[in-house]
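What follows is a set of notes on a single structure, which appears directly below.
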Amino acid sequence: MKQKQHMTLSELAQAIESGIQSSLPDTYWVVAEISELSVNFKGHCYLELIEKPEKTDAVTAKIRATIWSYRYQLIHSYFAASTGLQLQAGLKILFSATVEFHAVYGLSLSITDIDPVYTIGEDEKQRNDILQRLHAEGVFSMNKDLEMPLFPQRLAVISSSQAAGYQDFCNQIDANQYNLRFTVTLFQASMQGVETEQSVVHALHEIFEREHEFDVVIIIRGGGAKADLRWFDNYTIAYHIAQFPLPVITGIGHDKDQSITDMVAHTSVKTPTAAAEFCISLGEQLVFRIQDLQEQLVDASNILCDDYRNHLQNKVMRLNYVYSLQTNRAQTDLQYVSTRILSAVSQLVYKQQNKLQFAELKISKSTQHYLIEQKQKLTHALFQVSIGTKHQLHSQKQQLQVLQSQVDMRNPLLLLSKGYTITTNSSGKIIQSIHDVSLHETVLTHVSDGIIESKRVK
């Protein structure tokens, strides 16, 4: 059997390398997205570059690339100074590279330069695309249109518990000069890196499940590089914030930077401390408003009291005037009536005096005649009574003598004086039979001049 012609793997690799060098001998400018990036201990930068069509996650091309250490330091420094960004996953870059093939490591690109102007423009284009999409979907200003509570006290905070910004926020909240009371609930999230989108959206979902427990949502991060803010130029995060049912306050930026997250939030401030001050200021405004209302209420009350006092004084003056008129009129009427009454009483007294004098005269004559007649009747009655009384007294005396004799006959003392005795027990009951006395019972025998005490022995 005839043996087939063949080559070794290294021979094939050398052929590929020669083919690539001959067909792609130049340096090429290429557009790609960084999907992975790492720098080893020697300072070499290793990247994985991909290409994805817009509005899809499908990868249409992928290749490895290297920036050797002697070039990486220069490229990285210049790129950061120009864009304010660090080379990192998620960036879309325009780079210059040569095509290389290694028998062991395979096909790769050796990057010799990166154009920062393209990244700046591409980054801005991506931001504009996201903003246009949010506007087109009608959600951009939804959170801004929500009414901010007069005094948000129940705060749902999305941040990292280890972040200095979160500690600054809590310290500022606790140290307010009006001693306003806040409830801070932390929802842990990564505030930079590839996990930012997923963790922030997850925290928003957790808050949504407990929506009734909170007044506002506060997203804060402290400091860091400008490049870290790119994670908040994110459509998914912005989309969820824009439609969230509670007002969202952000404090994730710097003085000159504003992310898309800041744009769709109800209120955007620069730092976590500023977010705390914003909540405190709302409480202070409410305190001032209450104080103003109290002062207005006091002023209105004073004015009302003064008006009522003046009204009462006017009423009193009118009443005094009316009373004075009525009193004077009543006094005049009273005097007139009194005069008429006195006149009538005088006439009546005069008539009664005449009648009384006439009656006295008649009584005087009839009384003398009556007294003489009654005196004669009284003298005769006294004579009759005297005779009857004497007869009655004599009869009663005789009856009394008879009763006295009967009483004397029944008097026990009289019986005792004649030698009779009366025997009783200690309680005074008269003993009529031996059976009325118990054995050894003491009995009392009454005689005319004393009492004899004895006992029954048989």
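The values are calculated or read from the model by the stated rules, or taken from the named source; none is laboratory data. Worth saying up front: this structure is predicted, and the values here are computed from it rather than measured. In this analysis, Cβ positions are derived from the backbone assuming ideal geometry, glycine residues included, and neighbour counts consider all displayed protein chains.
Looking at segment 60-75, can you tell me whether even one residue there is within 30 Å of Thr236 (Cβ to Cβ), buried (at least 17 other Cβ atoms within 10 Å of the Cβ) and touching a Cys at 6+ places or on another chain (Cβ under 9 Å)?
If we filter segment 60-75 for residues that are within 30 Å of Thr236 (Cβ to Cβ), which is where we start, we get 60-65.
Within this subset, residues satisfying the condition of being buried (at least 17 other Cβ atoms within 10 Å of the Cβ) are 63, 65.
With touching a Cys at 6+ places or on another chain (Cβ under 9 Å) added as a condition, the list becomes 65.
Taking every residue of segment 60-75 in turn, at least one turns out to be within 30 Å of Thr236 (Cβ to Cβ), buried (at least 17 other Cβ atoms within 10 Å of the Cβ) and touching a Cys at 6+ places or on another chain (Cβ under 9 Å).
Here is a yes/no grid of residues against (1) in contact with a strand residue (DSSP E or B) (Cβ under 9 Å, 6 or more places away or on another chain); (2) surrounded by 13 or more Cβ atoms within 10 Å (Cβ to Cβ); (3) without any contact (Cβ under 8 Å) to a residue 60 or more places away in the chain; (4) outside the structural domain of Phe232 (by TED's automatic domain parsing):
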residue	(1), (2), (3), (4)
Asp145	no, no, yes, no
Met148	yes, yes, no, no
Gln192	no, yes, yes, no
Glu195	no, yes, yes, no
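Would you mind listing the strands (runs of 3 or more DSSP E) fully within segment 98-192 where at least 3 residues are closer than 22 Å to Glu284 by Cα?
On the way: elements: 106-115, 154-159, 183-188.
Here the list reads 154-159, 183-188.
Within segment 17-29, can one find any residue that is touching a Cys at 6+ places or on another chain (Cβ under 8 Å) and within 24 Å of Ser69 (Cα to Cα)? It would help to see each step written out before you state the result.
Within segment 17-29, the first condition is being touching a Cys at 6+ places or on another chain (Cβ under 8 Å), and the residues that meet it are none.
No: zero hits.
Please find, among Ala103, Ala136, Ala175, the residue that is of a type in the set (Gly, Ala, Ser) and within 30 Å of Tyr239 (Cα to Cα).
Ala136
Find the residue count for segment 79-104, including only residues that are in contact with a strand residue (DSSP E or B) (Cβ under 8 Å, 6 or more places away or on another chain) and among the hydroxyl-bearing types (Ser, Thr, Tyr).
Step one: filter segment 79-104 for residues in contact with a strand residue (DSSP E or B) (Cβ under 8 Å, 6 or more places away or on another chain), giving 79, 87-102.
Then keep just the ones that are among the hydroxyl-bearing types (Ser, Thr, Tyr); that gives 96, 98.
Matching residues across segment 79-104 total 2.
May I ask you to say which residue of Ile50, Ile16, Ile75 is farther than 21 Å from Asp123 by Cβ and not small (Gly, Ala, Ser)? Working first, answer last.
Numbers: Ile50 fails: farther than 21 Å from Asp123 by Cβ; Ile75 fails: farther than 21 Å from Asp123 by Cβ.
Only one candidate passes the filter, namely Ile16.
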